[in-house]
Amino acid sequence: MNLGGRIKLLREQKGITMRHLAEEAGCSSSLISQLENNHVDPSISTLKRIAKALDVNIVDFFMDETLNHEDVVTKAADRVDIQLRRWDAKIQSLVRNTRNKRMQPFFTVIKPGGGSHGMYLHEGEEFGFLMKGSLTLVLDERRYEIGTGESFYFPSHIPHDWINNGRDDAEVIWVITPPTF
């Protein structure tokens, strides 16, 4: 199922209208309609607000809720893709679901120029290890340039943004705790 379809399904399961979801998420009803019909790509901050209003995590918009695996090993072919065109990044969940888990690991490939394209924040902490390329991390108003083999760690309640300003793909192992993405 696509992103818009999952948002609509979760909204309908909660028994709320588009107008109510829009009010709770601090956006317009027309934006919710456009999202549900896959006419727009939302920012991470917009997805966070919608997820919070629906009492879910962003990853729930992409995961098949019928999968309730507690597998110890997740094979590469079984990763769940979390991808939006505006990010120009491919994010893969390294676990099949986040139920009853305290952290949420991702393998992220960010194309040159790709990134979150806007500040966002949430509860918890984040850790990342840059396996390849370069990444600019912005925390509040401070910029950090991260290179291959370097890592980062920060509290997620600080407004943050990330972008690949390099010429090559950036590959990051990213871990968020608790699972809030």
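The values are calculated or read from the model by the stated rules, or taken from the named source; none is laboratory data. Every value quoted in this text rests on a predicted model; they were computed, and no experiment measured them. Glycine also receives a Cβ, built like all others from the backbone with ideal geometry; neighbour counts cover every protein chain displayed.
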Just give me the residues in the range 150-181 being farther than 27 Å from A53 by Cα, surrounded by 15 or more Cβ atoms within 10 Å (Cβ to Cβ) and of a type in the set (G, A, S), in sequence order.
G166, A170
Applying the selection to the range 73-94, what residues are part of a loop (DSSP other than H, G, I, E, B), surrounded by 15 or more Cβ atoms within 10 Å (Cβ to Cβ) and either modelled with pLDDT of 85 or more or not β-branched (V, I, T) (or both)?
R79, D88, L94
If I ask for residues that are surrounded by fewer than 18 Cβ atoms within 10 Å (Cβ to Cβ) and over 10 Å from N164 (Cα atoms), which ones from the range 105-116 would you list?
F107
Which of the residues that make up the range 17-46 are among the hydrophobic types (A, V, I, L, M, F, W, C) and in contact with a strand residue (DSSP E or B) (Cβ under 8 Å, 6 or more places away or on another chain)?
I44
